[in-house]
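All remarks here apply to the structure that follows.
The values are calculated or read from the model by the stated rules, or taken from the named source; none is laboratory data. As the structure is a prediction and not an experimental result, all values here were calculated from the model. Because the Cβ atoms are built from the backbone with ideal geometry, glycine has one as well, and the counts that use them run over all protein chains shown. Only protein heavy atoms, including side chains, enter the accessible area calculation; ligands, DNA and RNA are left aside. Shrake-Rupley method; radii C 1.70, N 1.55, O 1.52, S 1.80 Å.
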Amino acid sequence: MNDNDLDALLRAPLPTLDDAGFSASVMARVAPATHPLEWLELAMLAISTVLALLFLPLHALTNVAVKLSAELANSTAAATACLAIIASLYLLRRFETD
């Protein structure tokens, strides 16, 4: 057997097995996958937001936001890093398997 024969053998589809509908019934009962700590992430975000609004004066928040946005707008490195982080998080969530 040479490499071409092995490649052809590995590419060939496997024959289907008659399982009397077992696979279909299992897949029908499987719940859609959710992130196990999704509720914790949302709770932490909500708590952080409430604490920030309670303990930081509004003018301090706006001053920080204006200064930060002006600095980030002029930084290609920061924008690229933010894009990489967002893309990484999206891909992790998209292709996550449990």
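Structural remarks
- Heavy atoms of the protein chains alone define the surface here; on that basis the chain has 93 Å² accessible area per residue at 1.4 Å probe size.
- With R₀ set to 25 Å, the beta-carbon distance separating Met27 from Ser88 gives a calculated FRET efficiency near 0.25.
- Burial ranking of peptide ranges 80-86, 1-7 (average Cβ count within 10 Å, highest at the top): 80-86, 1-7
- Per atom type, the chain shows carbon and sulfur on 70% of its accessible surface, probed at 1.4 Å.
- With the simple model of a label 7 Å out from the Cα in the direction of the Cβ, Phe95 to Leu14 spans 2.2 nm.
- Computed label-point distance, nm, for sites Asp5 and Phe55 using a 7 Å Cα→Cβ extension: 7.2 nm
- Using only Cα coordinates, the Kirkwood hydrodynamic radius of the chain works out to 19.9 Å.
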